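Accompanying notes for the structure given below.
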Amino acid sequence: MEIVMKRNDRAQITDVKKRLSAIYMKITWREIALDYFGKSPSWLYHKLDGIDGNGGKGGFTQDELFTLKGALLDLSNKIRKAAEEL
């Protein structure tokens with residue numbers, strides 16, 4: 001179930017951590033935050049938890065979700081390539 005909330009006329013998706021539960025503990029989110037978003041790890045953890053930096057409700061915008069999806073696809077391609085080279 002998609003959870004969308006409006007904030008400043010921008011939709012935010014707040015259930016991303018739940019959607020990623022199968023891989024959540026297997027990913028280095030710090031590196032994703034730095035490499036793909038250019039943001040701090042705490043920024044990404046707050047986004048994944050559905051809160052903003054001040055402890056209020058928050059989440060991913062559609063653009064941020066698109067970037068996260070691209071990051072995960074890029075990592076999956078790198079993993080597949082490394083496995084094929086074994």
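When only residues in the range 47-75 that are of a type in the set (S, T, N, Q) and either at pLDDT 95 or above or open to solvent by 60 Å² or more (accessible area, probe 1.4 Å) (or both) count, which is nearest to residue 30 (Cα to Cα)? Walk me through it before giving the result.
First pass over the range 47-75, keeping only residues of a type in the set (S, T, N, Q): 54, 61-62, 67.
Narrowing further to those that are either at pLDDT 95 or above or open to solvent by 60 Å² or more (accessible area, probe 1.4 Å) (or both): 54, 62, 67.
Values: 54: 20, 62: 21, 67: 15 Å.
The extreme case among them is 67.
Which residues, counting only those in the range 12-31, are part of a helix (DSSP H, G or I), free of Cβ contacts under 8 Å to residues at least 40 places away in the same chain and hydrophobic (A, V, I, L, M, F, W, C)?
If we filter the range 12-31 for residues that are part of a helix (DSSP H, G or I), which is where we start, we get 16-19, 24-26, 29-31.
Restricting the remaining residues to those that are free of Cβ contacts under 8 Å to residues at least 40 places away in the same chain gives 17-19, 24-26, 29-31.
Passing the criteria: 25, 29.
Being surrounded by 15 or more Cβ atoms within 10 Å (Cβ to Cβ), modelled with pLDDT under 90 and of a type in the set (S, T, N, Q): is that true of residue 28 here?
no
Return the total of residues in the range 33-80 being under 15 Å from residue 20 (Cα atoms) and touching a strand residue (DSSP E or B) at 6+ places or on another chain (Cβ under 8 Å).
Final tally of qualifying residues: 6.
Tell me yes or no: at least one residue of the range 70-77 is hydroxyl-bearing (Ser, Thr, Tyr), within 12 Å of the chain's Cα centre (by Cα) and assigned to a helix (DSSP H, G or I).
To start, the set of residues in the range 70-77 that are hydroxyl-bearing (Ser, Thr, Tyr) comprises 76.
When the remaining residues are screened for being within 12 Å of the chain's Cα centre (by Cα), the result is none.
Within the range 70-77, none of the residues are hydroxyl-bearing (Ser, Thr, Tyr), within 12 Å of the chain's Cα centre (by Cα) and assigned to a helix (DSSP H, G or I).
Within the range 19-29, identify whether any single residue is out of contact with any helix residue (DSSP H, G or I) (no Cβ under 7 Å at 6 or more places or on another chain), of a type outside the set (A, V, I, L, M) and on the phi > 0 side of the Ramachandran plot, and answer yes or no.
no
Taking the range 34-69 on its own, how many of its residues are more than 17 Å from residue 13 (Cα to Cα), assigned to a helix (DSSP H, G or I) and among the hydroxyl-bearing types (Ser, Thr, Tyr)?
Number of matching residues: 2.
Pairs, please: C-beta under 7 Å, at least 6 apart or cross-chain, first residue among the aromatic types (Phe, Trp, Tyr) and in the range 50-76, second open to solvent by less than 40 Å² (accessible area, probe 1.4 Å)?
That search, which allows pairs on different chains as well, returns 60/12; 60/13; 60/16; 60/47; 60/68.
The values are calculated or read from the model by the stated rules, or taken from the named source; none is laboratory data. None of these values were measured; they are calculated from a predicted model. Virtual Cβ from ideal backbone geometry, glycine too; neighbours counted across all protein chains shown. Accessible surface areas use protein heavy atoms only, side chains included; no ligands, DNA or RNA. Shrake-Rupley method; radii C 1.70, N 1.55, O 1.52, S 1.80 Å.
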